[in-house]
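Provided herewith is a single structure, encoded as structure tokens, for subsequent inquiry.
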Amino acid sequence: MKNNTQVGKYKIVALLHKGYYFADYRVIDENGIKHYMRLINPAKLHDLQLMPGCDQILELTMSQGIVHPNIARQSDTGEIIVDGQRYLYIVRDFFPGELLSDKLDREAHCSIYEVHHIISGVLNALKFLHNQSVPLIYNHIDPEGILLDISKQEIYPILNDFGHARHLNKENHKPYIIGLPLFYMAPELLLRGIYSTRSDLYAVGALMYHLIFGMEPWEIDLNDTTEPIKDVLEARKTPLPIPNLNIFELDDNLLRIMAKALAQDVDDRFQNAEEFLAALNGLTDVKCDNYQRIELTSKTEEHNGSIKKSKGNGFADVAGMTELKQRLQEDVIDLLRHPEKYQKLRVKIPNGMLLYGPPGCGKTFIAEKFAEELGCNFIKVDCSDIASPYIHGGQSKIAELFKEAAKNAPTILFLDELEAMITDRSRHTNISEQGEVNVFLTQLNNCSERGIFVIGATNKPDMIDPAALRAGRLDIKVYVPAPDKEGRKEILKLALHNRCASNIDYDILAKETTGYVSADITEMINQAAITTVKNNGDTIMMDTLMETIKNGINQWPSVTAKQLQEYEDIRERFESKKTLRRSVGFISSENKP
Ligand code: ADP
């Protein structure tokens, strides 16, 4: 339905989501107050969505009269006829925010702090629904069925889709499970359609797992199976698999809670939301060790702000960047390896370094390889782990993070998108954000003494609070530019090593990839490798590479020449700032213009 269409006393302002049988809109009433409206096309409903024996839509009545801070209040229902078609609508309170699934699509996983808030809010809502005189089962605890209200200080979940909810009464309607994720369904629901308060709580366990690890419990590739339900249940015969990650603040108690929530036997699970909440808040002990550690896949590793002991080839994997590697080797690695030797002569151990420049040019990559070279722990922290737009008041989290890094010392603490964590305080209006910057600055002070070397990465160095860049904090600043022709050649050689034909002309490839950033080159080679496998080949041929470059014309370069020039301009402005002249000095990378 178009914007400005009048539906009853409401005017449609914007389409929010569209499903098979419904469309969700933001609407305003005659007083200009915003609401959320679901417009349902009854012609598209499934029998299971209707009251048996009549055409009353179950969704319209499910949350009537329910008032709870974590549940969107239903304020109105009605019907309209448009172009000879009858539509029904449900109006609920409007919350500014996004679906939890949108957040997961963007960030892949949540910090433990966020998980705690989301799960507590969801359990509070379920406690209320399950304790109605006729218990109401939500049946849609998954990232699509939970909205995050961003108007609150803390991350705040709201249940706002009662399309799958059903009362637990004598009539016991069959559940409507079409479109729900299998990995969230308790076995009795999956096999026999039996829902209960405990199947809702099973889904809360699955949600917790998904939010922490960025993957669903006992997840299997559903494209590989013709009998998904059978295979999902088969996979669950093993103890709950726990990816072997050392996630910030994830302790054994949380693992036990997840294992209990996800117990396959309904009697072994939490009996009600109160019991689950008490365990989550540390008020009761959970005894359930039915989980097992599994080795990481690279996918899960990427998704998590995790601590890992860096094993790998170190700088041998890094193409080009010769001068940067050499400087790191001489100025940082030796000092960090043998601090006692230098401290004796009162040589100051460097605290950290800022890597800046266009995206995809290897800032994260060199930081990881640097940790491998040192053989020390590596903690990668994204802005969302610390100061997402939803959470402020993350000051204690920042202190915890540095404490954790010190506990695992020596540690490389990699802070991605530093400008969003330590934003120039003159840009802040919010006291709590300024407080976070102050905590960061305090923590950055002399962290080398605690065995921490901080690497910040950014595309926007001029947005970082200048105090973070002073001596004694991020002492070293390095511009990481897009690779020049020689750099591209080196990356190509390294990435194609041992998997290409002998007649590869690197000069031609380097010329054909002019303007590519490093990530474009590795992605291009990856696609060429996939094509080779699909064509039953076992070495990547020159013509496959040329063909991939030709076909990727709309994909690469991912950063335009104009944008690259803008990054060079930012660099020039940034380097000329007074604060930086006082700093230890630049290390120019191999192709400083
Ligand atoms: P940034 O952090 O600057 O956005 P990344 O570090 O994520 O960029 O780099 C993207 C990818 O490019 C890396 O995962 C790696 O595969 C490749 N890459 C970047 N620099 C190099 C390099 N010097 N040698 C080999 N591969 C590189």
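The values are calculated or read from the model by the stated rules, or taken from the named source; none is laboratory data. From a predicted model like this one, the values you see are computed outputs, not experimental measurements. Cβ placement follows ideal geometry from the backbone for every residue including glycine, while neighbour counts extend to all protein chains displayed.
Do you know which residues across region 78-111 are over 25 Å from Y156 (Cβ atoms) and surrounded by fewer than 18 Cβ atoms within 10 Å (Cβ to Cβ)?
G78, E79, I80, I81, V82, D83, G84, Q85, R86
Scan region 505-515 residue by residue and report those that are more than 16 Å from the ligand (Cβ to nearest atom) and closer than 12 Å to K485 by Cβ.
D507, I508, K511, E512, T514
Could you tell me which numbered condition L99 fails, if it satisfies all but one of (1) in contact with a helix residue (DSSP H, G or I) (Cβ under 7 Å, 6 or more places away or on another chain); (2) under 30 Å from N253 (Cα atoms)?
(1)
When the residues of region 338-373 are filtered to those that are within 16 Å of the ligand (Cβ to nearest atom) and of a type in the set (V, I, T), which remaining residue is farthest from the chain's Cα centre (by Cα)?
This residue is I366.
Now, a different point. Only one of F440, F453 is under 21 Å from A371 (Cα atoms), of a type in the set (F, W, Y) and at pLDDT 85 or above. Can you tell me which?
Answer to the check: F453.
Now for a different question. Looking only at region 328-337, which residues are of a type outside the set (A, V, I, L, M, F, W, C) and more than 16 Å from the ligand (Cβ to nearest atom)?
The answer is E330, D331, D334, R337.
Please count how many residues of region 273-327 are under 24 Å from E404 (Cα atoms) and either of a type in the set (F, W, Y) or modelled with pLDDT under 90 (or both).
21
Quick one: how many residues across region 516-539 are within 16 Å of the ligand (Cβ to nearest atom) and either more than 29 Å from the chain's Cα centre (by Cα) or aromatic (F, W, Y) (or both)?
Here the count works out to 1.
Right, something else. Restricting the search to region 197-224, which residues are of a type in the set (S, T, N, Q), surrounded by 14 or more Cβ atoms within 10 Å (Cβ to Cβ) and modelled with pLDDT under 95?
Those that are of a type in the set (S, T, N, Q), surrounded by 14 or more Cβ atoms within 10 Å (Cβ to Cβ) and modelled with pLDDT under 95: none in region 197-224.
Still on this model: Quick test for you: out of L211, L240, L255, L207, pick the one residue that is in contact with a Cys (Cβ under 7 Å, 6 or more places away or on another chain) and under 22 Å from N272 (Cα atoms).
Just one listed residue meets the conditions, L211.
Next up: Would you be able to say whether some residue in region 61-69 is assigned to a loop (DSSP other than H, G, I, E, B) and touching a residue at least 60 places away in the same chain (Cβ under 8 Å)?
Yes.
Now, a different point. Out of (1) in a loop (DSSP other than H, G, I, E, B); (2) more than 18 Å from G357 (Cα to Cα); (3) within 14 Å of the ligand (Cβ to nearest atom), the odd one out for P481 is which?
(2)
Within region 237-260, identify whether any single residue is assigned to a loop (DSSP other than H, G, I, E, B), in contact with a strand residue (DSSP E or B) (Cβ under 6 Å, 6 or more places away or on another chain), touching a residue at least 24 places away in the same chain (Cβ under 8 Å) and surrounded by fewer than 18 Cβ atoms within 10 Å (Cβ to Cβ), and answer yes or no.
Among the residues of region 237-260, at least one is assigned to a loop (DSSP other than H, G, I, E, B), in contact with a strand residue (DSSP E or B) (Cβ under 6 Å, 6 or more places away or on another chain), touching a residue at least 24 places away in the same chain (Cβ under 8 Å) and surrounded by fewer than 18 Cβ atoms within 10 Å (Cβ to Cβ), which makes the answer yes.
Determine the pairs where a residue that is over 14 Å from I412 (Cβ atoms) and more than 6 Å from the ligand (Cβ to nearest atom), located within region 305-321, has a partner that is part of a helix (DSSP H, G or I) and modelled with pLDDT of 65 or more with Cβ atoms under 6 Å apart, the partner being 6 or more residues away or on another chain.
D317/K369
Looking only at region 449-464, which residues are more than 15 Å from the ligand (Cβ to nearest atom) and surrounded by fewer than 23 Cβ atoms within 10 Å (Cβ to Cβ)?
E449, R450, G451, D462, M463
Could you check K493 against (1) surrounded by fewer than 21 Cβ atoms within 10 Å (Cβ to Cβ); (2) within 30 Å of S426 (Cα to Cα); (3) within 11 Å of the ligand (Cβ to nearest atom) and say which number it fails?
(2)
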